[in-house]
1. For A:Ala162, only one of the following conditions fails: (1) facing chain B (nearest Cβ under 10 Å); (2) assigned to a helix (DSSP H, G or I). What is its number?
2. Using the structure shown, decide if A:Asp149 is within 8 Å of chain B (Cβ to nearest Cβ) and within 22 Å of A:Asn36 (Cα to Cα).
3. Would you confirm, using the coordinates I've provided, whether A:Ala113 is open to solvent by 30 Å² or more (accessible area, probe 1.4 Å) and over 30 Å from B:Leu19 (Cβ atoms)?
4. Would you point out the residue of the range B:26-61, among those that are over 12 Å from B:Val82 (Cα atoms), of a type in the set (Val, Ile, Thr) and more than 12 Å from chain A (Cβ to nearest Cβ), that is most open to solvent (accessible area, probe 1.4 Å)?
5. Does B:Ile176 satisfy the condition of being within 30 Å of B:Gly24 (Cβ to Cβ), aliphatic (A, V, I, L, M), outside any helix (DSSP H, G or I) and at the interface with chain A (Cβ under 7 Å from one of its Cβ atoms)?
6. Please go through the range A:150-197 and give me each residue that is aromatic (Phe, Trp, Tyr) and open to solvent by 40 Å² or more (accessible area, probe 1.4 Å), ordered by number.
7. Checking B:Gly103 against (1) touching a Ser or Thr at 6+ places or on another chain (Cβ under 8 Å); (2) in the same structural domain as B:Thr58 (by TED's automatic domain parsing); (3) open to solvent by 50 Å² or more (accessible area, probe 1.4 Å), which single condition isn't satisfied?
Protein chains: 2
Amino acid sequence: MRQFVVVGHEAPTEPSFSLDNLGGAGRLDLLCRCLNSALFVSHGIREDVRVHLVLSDTYTLSVDGETVRQVHPDERSIAARVREALEAAELAIGHQPAEPAPGIALYRMGLAATLERLATSGTLVTLDPAGTPVVAASLPEAPIFVLSDHQPFAEDERALLADRDAQAVSLGPRAIHADDAIAIAHNALDTDGFQQY
Amino acid sequence: MRQFVVVGHEAPTEPSFSLDNLGGAGRLDLLCRCLNSALFVSHGIREDVRVHLVLSDTYTLSVDGETVRQVHPDERSIAARVREALEAAELAIGHQPAEPAPGIALYRMGLAATLERLATSGTLVTLDPAGTPVVAASLPEAPIFVLSDHQPFAEDERALLADRDAQAVSLGPRAIHADDAIAIAHNALDTDGFQQY
């Protein structure tokens, strides 16, 4: 299984945002694109993928490629599903998520609790131009890629990742958008390190 | 320079579409994401890129990374720029484009005329899981990647590309979304064929 955790530093935690201005809604547009790149292939969904969007360190929206239904790849449709989940937030109690639709769960958890929840399901990888080149790195069997939105990781987030021995991997010399990085990470795995075409 | 031509088979040719349903507007959402992946890096624009969106073989919207201003990466903002350009369509006469904003030009040209227009500016490359693996292919100095939307290329489009000796390159074994393919093509070039990190 491949997992992607995307940290949205300013993402909405209330369903009151407008679908007409996702950029203004804490850059929810960016998180929606990450979910898209992580989940979709041409005319299909990657069933072996889970995506976790951390919303302002308050909630984490988890989407399971195996069980999610009726998602469309455009930003507005995905944002509408995020809003739906936030409308159900009061049902997220303790470690029990709200489950507004199949394959979609909203946890009342920030980054630390989410990493703890995922700890036994894979190995953390961060994407960083200063990390080990992906062609030289040996990616884990069950990678959990942790990415940040338009802001860099905060100091305490870096500390969390370091405490959990996250492996830093470089996808290239340029700093690129998180959704493009996800597409490249998938490609590195799909091709077994750019070897199988 | 890197160029990307994306063929939108059902894309709007009138500005009357709704920004609230880009998926329903001939999958304009997909074209917007392609423009995003082609043009943007983290907190910046790739100045050496030009993107050409072919709209239902009627118009081609060309965006020049060097001169375009005030574009935002979200689908809705990009679609609004496409709509703006279509509103100026009557100013596109013969081979003279409408230029509704700096770096944005709307040509009254379909795929054939666009490929003819670009013929001296680079070498055509198509992305195809059955092509030469990108790691074995020698990508041209000035590649013009030609991609299709959610539909495969039509027979006559394939013929056009073959006539112009387009090189078929594979990015991997899975059929992926065009915008993800663009991200990977950029990455292959940014890393000099997955060698420079």
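The values are calculated or read from the model by the stated rules, or taken from the named source; none is laboratory data. Since the structure is predicted, the reported quantities are computational estimates derived from the model, not experimental observations. We place every Cβ from the backbone using ideal geometry, glycine too, and count neighbours over all the protein chains shown. Just the protein is used for accessible areas: all its heavy atoms, side chains included, with ligands, DNA and RNA removed. Shrake-Rupley method; radii C 1.70, N 1.55, O 1.52, S 1.80 Å.
1. Going through (1) facing chain B (nearest Cβ under 10 Å); (2) assigned to a helix (DSSP H, G or I) one by one, A:Ala162 breaks only (1).
2. Working: within 8 Å of chain B (Cβ to nearest Cβ): no; within 22 Å of A:Asn36 (Cα to Cα): yes.
No, not satisfied.
3. Numbers: open to solvent by 30 Å² or more (accessible area, probe 1.4 Å): yes; over 30 Å from B:Leu19 (Cβ atoms): yes.
Taking the combined requirement at face value, the residue satisfies it.
4. Here the answer is B:Thr58.
5. Numbers: within 30 Å of B:Gly24 (Cβ to Cβ): yes; aliphatic (A, V, I, L, M): yes; outside any helix (DSSP H, G or I): yes; at the interface with chain A (Cβ under 7 Å from one of its Cβ atoms): yes.
When the stated conditions are applied, B:Ile176 passes them.
6. Within the range A:150-197, just A:Tyr197 meets the criteria.
7. (3)
Rundown of residues vs (1) within 24 Å of A:Glu116 (Cα to Cα); (2) out of contact with any Cys (no Cβ under 8 Å at 6 or more places or on another chain), yes/no style:
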residue	(1), (2)
A:Leu147	yes, no
A:Gln151	yes, yes
A:Val169	yes, yes
A:His177	no, yes
A:Ala185	yes, yes
A:Leu189	no, yes
A:Asp192	no, yes
